[in-house]
Amino acid sequence: EHFKHSSAHKELLGFVSAMGKGLTTTTSSSNSSTLLHSYNPHAPLNDLSPALASLHGSLCCISRWIDPNTTDGLPPDQQVKARFGNPVFRTWHERLTERSGGIIKCLMECHGKYVNYTDGESSSEDATTKEEILKECSELGYQAASSSPTTPYDHGISPKEKDIITELRCYLHDSFGHPIRLDYGTG
């Protein structure tokens, strides 16, 4: 809770917002640019692709892993005297590694299932369907991150899909830092 009110949180949020604005599409008419997409914290799935909605769901679940008030939370060990980081991060990262195949597979499945999903102009009926698709993919992503896999992630997929998942898993693991150095992706 303290972090949410810190200057580091404000700086990080500003950086992420600037990066998001830099990646959005703009159109020019009469020498003016109009932002076509913007982030709404009250409707975080708006303007996401189904694959990113799946990733959003997974990240929502992953963020709960550090909440001491949840059944599967891994709160920091306050008794440990470590120079950098907290050794509980190793357990957190192990959980990520265990579940990352399912997270990436779910992301790919949402992308494949809704490959014809578009962001163009649509009727209100299409908008409801898009909202339902994004919500479904977010929930599937959450589920993929919420429990240990009962079957291997590479069950029933092609060798090419397995290679893609294997490569993307490495990026996902490394984006959160190194479990031995406890650097949390800072360096």
- Message: Just the residues that are surrounded by fewer than 17 Cβ atoms within 10 Å (Cβ to Cβ) and β-branched (Val, Ile, Thr), please, taken from the stretch 57-87.
- Response: ILE66, THR70, THR71, VAL80
- Might you let me know whether the stretch 166-182 holds any residue that is at pLDDT 90 or above, more than 22 Å from TRP65 (Cβ to Cβ) and in contact with a Gly (Cβ under 9 Å, 6 or more places away or on another chain)? yes
- Message: Residue pairs, Cβ under 7 Å, 6 or more apart or interchain, first in the stretch 57-81 and over 23 Å from SER138 (Cβ atoms), second outside any loop (DSSP other than H, G, I, E, B). List them.
- Response: PRO76/VAL88; ASP77/VAL88
- Looking at LEU140, LEU134, which one is at pLDDT 95 or above, part of a helix (DSSP H, G or I) and more than 21 Å from GLY177 (Cβ to Cβ)? LEU140
- Query: Taking the stretch 158-173 only, how many residues are open to solvent by 50 Å² or more (accessible area, probe 1.4 Å), closer than 16 Å to GLU98 by Cβ and within 15 Å of the chain's Cα centre (by Cα)?
  - Reply: 2
- Query: Within the stretch 153-165, can you find the residues that are in contact (Cβ under 8 Å) with a residue 40 or more places away in the chain and part of a helix (DSSP H, G or I)?
  - Reply: GLU161, ILE164, ILE165
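The values are calculated or read from the model by the stated rules, or taken from the named source; none is laboratory data. Keep in mind it's a predicted model, so treat the numbers as computed, not measured. With ideal geometry, Cβ positions are generated from the backbone for all residues, glycine too; neighbour counts draw on all protein chains shown. Areas reflect the complete protein model, heavy atoms only, side chains present, ligands, DNA and RNA absent. Shrake-Rupley method; radii C 1.70, N 1.55, O 1.52, S 1.80 Å.
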